[in-house]
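Worksheet: one structure, shown below.
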Amino acid sequence: MEPHAAFLLRRGLQTLSLRVERIEATAKEIVQRLSTHPKVARVHHLSLPSHPDFELAKTQMNGCGGIVAFDLREESASAARRLVENLH
C-alpha cells in the first residue's frame with residue numbers, strides 16, 4: 001500500500017467508532033419521528049420490537065445500524081415522487 005493511502009486508512013479507522021455511533025443515534029431519531037408520522041404506515045429498523053429480527057439483533061449486535069426503511073400509507077408513484085421532491 002502506498003504511504004498516502006495508508007495514512008487515509010489509518011485516519012479513517014481512528015474515527016470509525018465515533019461515526020458509527022452517530023449514524024446509529026441519527027437512525028434512531030429518524031425511526032422515532034417516522035413512527036409517529038401520519039403519512040407513514042410502517043417503519044423497518046432493527047431497533048423496533050416489531051422487526052422480525054429484533055430479538056436476534058439484541059443477542060448478536062451492539063447497535064442497530066443506520067439503515068432505515070419505511071412504507072408510506074399512500075402507495076402510489078405520485079406519493080413517492082412527492083416524498084423525494086420534498087426531502088431536505
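The values are calculated or read from the model by the stated rules, or taken from the named source; none is laboratory data. Computed from a predicted model, the values in this text were never measured in an experiment. Virtual Cβ from ideal backbone geometry, glycine too; neighbours counted across all protein chains shown. We work out accessible area using only protein heavy atoms, side chains counted, and drop any ligands, DNA or RNA first. Shrake-Rupley method; radii C 1.70, N 1.55, O 1.52, S 1.80 Å.
In this structure the amide hydrogen of residue 72, modeled in the peptide plane, comes within under 5 Å of the amide hydrogens of 41, none closer than 5 places in sequence on its chain. Extent of region 30-75 along its three principal axes (Cα atoms, max minus min coordinate, largest first): 35, 17, 14 Å.
Residue-wise HN-Hα couplings along region 52-61, as the Karplus relation 6.51 cos²θ - 1.76 cosθ + 1.60 with θ = phi - 60° gives them from phi, are x, 9, 4, 5, 4, 4, 4, 7, 10, 10 Hz; Gly and Pro carry x. In order along region 37-49, the Karplus-derived 3J(HN,Hα) couplings, from 6.51 cos²θ - 1.76 cosθ + 1.60 at θ = phi - 60°, round to 6, x, 8, 9, 7, 7, 10, 10, 7, 4, 7, 8, x Hz, and Gly and Pro are given as x. Once the Cα atoms are used to define both axes, helix 3-35 deviates from the longest principal axis of the chain by about 20 degrees. Annotation: average projected area of the chain is 8.6 square nanometres, based on the convex hull of Cα atoms across all directions.
Taking label points 7 Å from Cα along the Cα-to-Cβ direction, residue 7 and residue 79 give a separation of 5.2 nm. Each Cα pair under 8 Å and six or more residues apart adds its sequence gap; the mean of these over the residue count of region 10-73 is a relative contact order of 39 percent.
Loop-resident GluC sites (Glu not before Pro) (DSSP state other than H, G, I, E or B) in region 19-85 with no more than 10 further Cβ atoms inside 10 Å of their Cβ: 75.
Carbon-plus-sulfur accessible fraction, the chain (probe radius 1.4 Å, protein heavy atoms only): 58%.
In the context of the full set of protein chains, the chain has a per residue accessible area of 82 Å² (1.4 Å probe).
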